[in-house]
Amino acid sequence: MSEEGKHRPTALDRRRLLQAGAAAAFAGPLGALGAQALSLRSAPPIDFSEFPICRTASEAPALTGAPRKLKLSWNAGAVCLAPVPVAIDNGFFQKQNLDVELVNYSGSTDQLLEAIATGKADAGLGLALRWLKPLEQGFDVRVTTGVHGGCIRLLGSKAANIDSLESLRGKSIAISDQASPAKNFFSIVLAKKGIDPAQDVEWRQYPGNLLALAVDKGEVQALAEIDPLPYLWLKEGKLTEIATNLSGEYADRTCCVLAIRGSLTREELPVAAALTRAIMEGGDRVAGDPADAAAVYSGYGSKAPVEDLTAMFRSHNHHDHPVGATLKKQLLLYTDELKAVNVIKRSTDSAKFAERIYLDVLS
C-alpha cells in the first residue's frame, strides 16, 4: 500500500468493522484465484483531476449537519465494485458527510431492486445488462452514474480453433446463468455480426467456477463470464480472448451502475448527489492508483494476490463513470440492443424507458 494509505486511521477502523461481514462473501468467489499471478498489460498513471467529471465528483460541497446514514447494497465478491471499499478506506463517504453501511447482497436482481425501491436499502450497485430487464417492471429506483467500463469477457478454446466471433457459429458457449450480463452482452455482439444468438449458437449453463472445465472437456467451445475468473483461465493458456465489453464500439460504454431509491432522489436530492460523488471519486482512485486500490480491496477478504487485483483494475476502465445525458444515451442504446435480441420487450419505448430510470443528480 502507498505511504498515504498507511496513515488513514479513521478509514481503516471503518474497514475493520466491515471486514467481518464481507470476508465470508469474498472467500468463495475470489478464493479460486489463489496464489496464481496474472500477467496483464499495465498503463502509466493518469492525472484524473484533469477530467471535468472528476472535478465535479470531488469539489462539490459536502452535506451539512449530522452525517447522513445510508445503506448501500453491493456484492462483496465482485472485483469491479472495488470503488466501494476504496471510497470507505479513503474517507470519500465521510468527505461527503455520509455514514454508509454496506449490505452484502447475493440474491436475485429483482429482489435487490425491490429492496432498494421499498427502502430496505437506499442504493445499490450492479451490472446494467442484468438490471435493465427487471427495471422494466417499474421499480422506483434511479440510475445516477456508471461506475466503470469492462469486466465481461468471451474466451474461446485454442484446441477448437475458436478465436473470433465468426468461428462461434454452430458452437456452444458456457455461461453461469441464462440471464447473465455476459450472455446478454455477447448475444448483442453476435447479432451485430449477423450471427443469430438464439439459433446459430447454443448457450449451456454450468456453475460459474466450472465454465473453463466444460471447455477443457470439449462440452463447449467457448465461455462468457464476468471477472475475476476469466483472468485465471486466460493465464492457464488453453483459452484465447475473443472480445470484452470494452471491444470496438463499446470502449466508452459503462458496465456497472449505481441506482438510488427513487423516494430518496425526490426528497433528498443532495444526499443522492453526495453518494454519487463519493462512488465516482472511489472509481477515480482505483483508476489513478490501482495498486493501492488492490491493497485496500484485499483487506476486505479477497484471497487473490494484490498483483492480480492490480492487473484486473488496470484492465477495467474505472475513470469512466458517465452521468446526465451521456448516461441516458448509453441506457437507451443498451435498451435498443436488448430489444434486438429479445431480452427486453419490442414494445418498450427505449427513450421513455431510459428517461424513466436515469437521473442527473449532479447538475
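The values are calculated or read from the model by the stated rules, or taken from the named source; none is laboratory data. Predicted model, so just to flag it, every value in this text is computed and none were measured. Methodologically, a virtual Cβ is constructed for each residue, glycine included, from the backbone with ideal geometry; neighbour enumeration extends over all protein chains shown. Just the protein is used for accessible areas: all its heavy atoms, side chains included, with ligands, DNA and RNA removed. Shrake-Rupley method; radii C 1.70, N 1.55, O 1.52, S 1.80 Å.
Numbers at a glance
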{"quantity": "Top-ranked residue of region 137-167 - restricted to ones that are polar (S, T, N, Q) and crowded, with 23+ Cβ neighbours inside 10 Å, ranked as farthest from K238 (Cα to Cα)", "calculated": "T144"}
{"quantity": "Filter result for the condition that a residue is closer than 30 Å to S363 by Cβ and at pLDDT 95 or above, over G150, G194, G146", "calculated": "G146"}
{"quantity": "Options L113, L102, L127; residue that is within 29 Å of D284 (Cβ to Cβ) and open to solvent by less than 20 Å² (accessible area, probe 1.4 Å)", "calculated": "L113"}
{"quantity": "Strands (runs of 3 or more DSSP E) within region 168-229 that include 1 or more residues in contact (Cβ under 8 Å) with a residue 60 or more places away in the chain and open to solvent by less than 30 Å² (accessible area, probe 1.4 Å)", "calculated": "222-226"}
{"quantity": "Top-ranked residue in region 354-363 [being in a loop (DSSP other than H, G, I, E, B) and open to solvent by 20 Å² or more (accessible area, probe 1.4 Å); ranked as farthest from Q96 (Cα to Cα)]", "calculated": "L359"}
{"quantity": "Top-ranked residue of region 67-121 - restricted to ones that are hydrophobic (A, V, I, L, M, F, W, C) and assigned to a loop (DSSP other than H, G, I, E, B), ranked as nearest to L269 (Cα to Cα)", "calculated": "A121"}
{"quantity": "Filtered residue count, region 57-80, keeping only those that are buried (at least 24 other Cβ atoms within 10 Å of the Cβ), closer than 15 Å to L309 by Cα and out of contact with any His (no Cβ under 7 Å at 6 or more places or on another chain)", "calculated": "2"}
{"quantity": "Flag for L232 being among the aliphatic types (A, V, I, L, M), open to solvent by less than 20 Å² (accessible area, probe 1.4 Å) and modelled with pLDDT under 95", "calculated": "yes"}
{"quantity": "Any hit, region 254-269, residues being touching a Phe, Trp or Tyr at 6+ places or on another chain (Cβ under 6 Å), farther than 20 Å from V341 by Cα and modelled with pLDDT of 95 or more", "calculated": "no"}
{"quantity": "Neighbours by Cβ (under 7 Å, 6+ apart or cross-chain): first from region 351-362, farther than 14 Å from K339 by Cα and free of Cβ contacts under 8 Å to residues at least 12 places away in the same chain; second open to solvent by 50 Å² or more (accessible area, probe 1.4 Å) and charged (D, E, K, R)", "calculated": "none"}
